[in-house]
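J.: Pasting a structure below so you can have a look.
The values are calculated or read from the model by the stated rules, or taken from the named source; none is laboratory data. Here the structure is a predicted model, which means the values were calculated and not measured. Every residue, glycine as well, gets a Cβ built from its backbone with ideal geometry; the counts of neighbours run over all protein chains shown.
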Amino acid sequence: MLGAGSGGSATPTALSMPPASPSCSASSTLDHLPVFTEPAECVSASGRPAQVRWGTLKRMRLELDHVMVFVPDPDAIEPGWFPGCTYEPGQRHTGQGTRNRRVVFPDNYVELVWIDDADAHERTGLRFGPRCARRAGACPFGVVLRGVVPEQDRARFAGYVVPAGGPSLLLLRAALDRPELPFVAVGESDGVPTPRPRDRFDPAFLQQPGGARGIRRATIRNQVLPDLGSLRSHEVTFADSEPELRLEIDGVTEPWSVGASH
């Protein structure tokens, strides 16, 4: 996830919800649109167009921070998944019971994650077990976004603090209860831009030898899709199909693909 240190544990907690703000047209999936497509599409409670500053809309746009691929253990990572790339060593999420390795780019990255301390992980409430085990029906893919969740959609999420001084995230509640849904989280900025991978990782791992420069679009195909209300990201798509993660990569001609059966 967005990072962790050592020690401690945390449990997802519900957020207290203020009254909903005027909303915009929405669909149940992330697609090529930003959070708000155009100011003119927003309407007030009276049905008249709401006056929304474009600068505010730009700040509310959700960006891709990283995609997640859940695996049983590091030996399950197949070399053909991300050709021409060097894996960054990753880290142990102490207090969360997980470990990872990553393929990092300046603006986003791929996280491969597995459980290495089942007892610690059980205490978090994240319930990655079925995903990492590639259990039948469980979705082994997820996405973490950067940005702000609009007030009208906040009840869909639960607060979570990555143990040992890690960041605060909003986790899609339905995906915590139902492993058949893709995992979805949002790292909110609280008015301060969330650091990009170029600011968080060793520069030696940001330049991939095969020429890949970053994830242009991530498509998570799955037979059960998450209901995300008005949330949008132009970099993330959910599609109804057999489970698959498909990544379109800047600097690479052919997309990368990871199936649920791997």
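J.: Select from segment 190-209 the residues that are surrounded by 13 or more Cβ atoms within 10 Å (Cβ to Cβ) and part of a loop (DSSP other than H, G, I, E, B) and list them in ascending order.
T.: Passing the criteria: 194, 195, 196, 201, 206, 207, 208.
J.: Exactly one of these conditions fails for residue 246: (1) within 17 Å of residue 70 (Cβ to Cβ); (2) touching a residue at least 40 places away in the same chain (Cβ under 8 Å); (3) among the basic types (Lys, Arg). Give me its number.
T.: Every listed condition holds for residue 246 apart from (2).
J.: What residue, among those in segment 104-124 that are in a loop (DSSP other than H, G, I, E, B) and touching a residue at least 24 places away in the same chain (Cβ under 8 Å), is surrounded by the fewest Cβ atoms within 10 Å (Cβ to Cβ)?
T.: Looking at residues that are in a loop (DSSP other than H, G, I, E, B) and touching a residue at least 24 places away in the same chain (Cβ under 8 Å), I get 106.
J.: Just a yes or no: is a residue in segment 70-88 buried (at least 18 other Cβ atoms within 10 Å of the Cβ), part of a strand (DSSP E or B) and touching a residue at least 24 places away in the same chain (Cβ under 8 Å)?
T.: There is at least one residue in segment 70-88 that is buried (at least 18 other Cβ atoms within 10 Å of the Cβ), part of a strand (DSSP E or B) and touching a residue at least 24 places away in the same chain (Cβ under 8 Å).
J.: Continuing with this model, one more query. Does residue 175 meet the test of being in contact with a Phe, Trp or Tyr (Cβ under 8 Å, 6 or more places away or on another chain), without any contact (Cβ under 8 Å) to a residue 60 or more places away in the chain and not in a loop (DSSP other than H, G, I, E, B)?
T.: The answer is yes for residue 175.
J.: Out of 217, 127, 154, which single residue is in a strand (DSSP E or B), of a type in the set (D, E, K, R) and in contact (Cβ under 8 Å) with a residue 24 or more places away in the chain?
T.: 217
J.: Check segment 237-246 and report whether any residue there is β-branched (Val, Ile, Thr), outside any loop (DSSP other than H, G, I, E, B) and crowded, with 21+ Cβ neighbours inside 10 Å.
T.: Within segment 237-246, none of the residues are β-branched (Val, Ile, Thr), outside any loop (DSSP other than H, G, I, E, B) and crowded, with 21+ Cβ neighbours inside 10 Å.
J.: If you take the residues in segment 148-194 that are acidic (Asp, Glu) and touching a strand residue (DSSP E or B) at 6+ places or on another chain (Cβ under 9 Å), which one is modelled with the highest pLDDT?
T.: Filtering first and then ranking leaves 180.
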